[in-house]
Amino acid sequence: MGNVVNFAHRGSSKVCPENTMAAFKKALEQGATGIETDVQLTKDGHMVLIHDETLERTTSGSGWVKDYTLQELRSLDAGGKFDPAFQGEVIPTLDELLELAQDQGIIVNIELKNGVILYEGLEQKVIERVKAFQMEDRVVISSFNHYSLYLCKQLAPKIRTGILYMEGLFEPWKYADTLRADALHAYHYAVLPEFVQGAKAAGKVYHPFTVNDVQEMQRLLDAGVDGIITDYPDRLAELLAAK
Ligand code: G3P
Ligand code: CA
C-alpha cells in the first residue's frame with residue numbers, strides 16, 4: 001500500500017482552517033502525500049482556493065467570491081472564524097499551493113468549483129499554471145462538472161482528470177472513458193471491491209472521498225483503492241504505516 005495517495009481534503013481541515021496555507025502545511029507534517037483543494041476565479045480572473053462560492057462561512061467577508069478582485073479577497077481574514085488562533089490566514093492563490101507542492105514533491109488534486117458558477121476559462125487558466133510549474137504528472141484535476149473535465153483533456157491530454165460523483169454509477173470506468181478521465185473520485189459509500197477491480201482492469205484509479213472513519217479507510221484500502229481523500233491525513237498515515 002506504499003503507493004496509496006493520502007489526500008488531505010482542503011488540507012488538514014479539522015485542525016486548521018480549510019483551504020489555507022496553514023492547513024496545507026499541517027497536512028504535510030501529518031503525513032499527507034497529496035492535497036485536495038477547490039479553485040474559483042476572482043472578478044479580475046485570478047485563481048483562488050476556497051470551497052464555497054460565497055465568503056460568509058470561512059472568511060470575514062460576505063457575498064460571492066466572483067464579485068471581488070484578488071486584492072480585495074486577500075484583505076479578508078480566512079482563519080479567525082475557525083479559531084481566533086488562526087487570525088491572519090488569507091485565501092491562498094493556486095500558485096502558492098503549487099509552489100509548496102513542487103517543493104515538497106506531493107500530488108495536488110485541484111477541484112474545479114464550476115458547478116454553481118460557470119467560470120469561463122477556468123480550465124485553461126488552471127492548466128496554464130500547472131504547466132508553468134511543470135507539475136503535469138503530479139496533478140489530478142477533478143470536478144462534478146464533467147464537461148469541464150472533458151475540456152481539460154482536450155487542452156492537456158497528459159494531465160490526469162478525475163470524475164467526481166455521489167451516486168452508485170454502473171461501471172463508472174466505462175463512463176469515465178467516454179471523457180478520457182483517468183480517475184474515479186467517488187463518494188466513498190459508492191465504492192465496492194468489485195468496482196475497484198473493474199476500474200483497475202480498465203486502467204483507471206479510485207480516489208474515494210471524504211473518508212474520515214478509520215474502519216471505512218481500512219475497508220477501502222482492502223478493496224484496493226489508489227488514494228483516499230480525507231479530513232484526517234494523520235489517521236490515514238497511521239494506517240498506511242502499519243501495512
Ligand atoms: O474532492 C472530493 C470532495 O472535495 C468533493 O466535495 O464539496 O468537499 O468539494 P466537496
Ligand atoms: Ca473539494
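The values are calculated or read from the model by the stated rules, or taken from the named source; none is laboratory data. The structure presented is a predicted model; accordingly, all values stated were derived computationally and were not measured. Here Cβ is always computed from backbone atoms with ideal geometry, including for glycine, and neighbour counts include all displayed protein chains.
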Problem set entry | Hey, V4 touching a Leu at 6+ places or on another chain (Cβ under 7 Å) and either of a type in the set (V, I, T) or more than 18 Å from L221 (Cα to Cα) (or both) or not | yes
Exercise. How many of the residues in segment 10-27 are in a helix (DSSP H, G or I) and closer than 23 Å to Y206 by Cα?
Worked result: 2
Seminar exercise, completed: All-but-one check, E72 against (1) buried (at least 21 other Cβ atoms within 10 Å of the Cβ); (2) touching a Ser or Thr at 6+ places or on another chain (Cβ under 9 Å); (3) not in a loop (DSSP other than H, G, I, E, B); (4) not basic (K, R), failing number (1)
Exercise. Which of (1) within 16 Å of ligand 1 (Cβ to nearest atom); (2) surrounded by 13 or more Cβ atoms within 10 Å (Cβ to Cβ); (3) part of a loop (DSSP other than H, G, I, E, B) is the odd one out, the single condition G61 does not satisfy?
Worked result: (1)
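Tell me, please, whether a residue that is over 17 Å from the mean Cα position of the chain (by Cα) and surrounded by 19 or more Cβ atoms within 10 Å (Cβ to Cβ) can be found in segment 131-138.
Quick first cut of segment 131-138, residues over 17 Å from the mean Cα position of the chain (by Cα) only: 131-134.
Among the residues that remain, those that are also surrounded by 19 or more Cβ atoms within 10 Å (Cβ to Cβ) are: none.
No, segment 131-138 contains no residue that is over 17 Å from the mean Cα position of the chain (by Cα) and surrounded by 19 or more Cβ atoms within 10 Å (Cβ to Cβ).
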For this session: Could you check how many residues of segment 28-55 are assigned to a loop (DSSP other than H, G, I, E, B), within 13 Å of ligand 2 (Cβ to nearest atom) and crowded, with 21+ Cβ neighbours inside 10 Å?
Result: 1
For this session: With the condition kept exactly as written, say whether any residue in segment 90-100 is more than 28 Å from V4 (Cβ to Cβ), within 16 Å of ligand 1 (Cβ to nearest atom) and part of a loop (DSSP other than H, G, I, E, B).
Result: yes
Seminar exercise, completed: Picking from G79, G121, G61, G105, the residue that is closer than 21 Å to K14 by Cβ, small (G, A, S) and at pLDDT 95 or above would be G79
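Would you list the strands (runs of 3 or more DSSP E) that sit entirely within segment 129-243 and hold 1 or more residues that are touching a Gly at 6+ places or on another chain (Cβ under 6 Å)?
In segment 129-243, 139-143, 183-186 are the strands (runs of 3 or more DSSP E) which contain 1 or more residues that are touching a Gly at 6+ places or on another chain (Cβ under 6 Å).
Against the definition (in a loop (DSSP other than H, G, I, E, B), closer than 25 Å to I117 by Cβ, touching an Asp or Glu at 6+ places or on another chain (Cβ under 8 Å) and at pLDDT 95 or above), how does F7 come out, yes or no? Don't jump to the end; show me each part of the working.
Numbers: in a loop (DSSP other than H, G, I, E, B): no; closer than 25 Å to I117 by Cβ: yes; touching an Asp or Glu at 6+ places or on another chain (Cβ under 8 Å): yes; at pLDDT 95 or above: yes.
Here the answer is no, as F7 does not meet what is asked.
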Exercise. Does V205 qualify as being more than 16 Å from ligand 2 (Cβ to nearest atom), β-branched (V, I, T), under 28 Å from K125 (Cβ atoms) and modelled with pLDDT of 95 or more?
Worked result: yes
Problem set entry | Residue that is nearest to L122 (Cα to Cα) [pool: residues in segment 153-199 that are small (G, A, S) and in contact with a strand residue (DSSP E or B) (Cβ under 7 Å, 6 or more places away or on another chain)] | G162
For this session: Can you work out which of the residues in segment 83-126 that are away from ligand 2 (no atom under 16 Å from the Cβ), of a type in the set (A, V, I, L, M) and within 25 Å of L55 (Cα to Cα) is surrounded by the most Cβ atoms within 10 Å (Cβ to Cβ)?
Result: L98
Exercise. Counting only residues that are of a type in the set (K, R) and farther than 13 Å from D234 by Cβ, how many does segment 1-43 have?
Worked result: 3
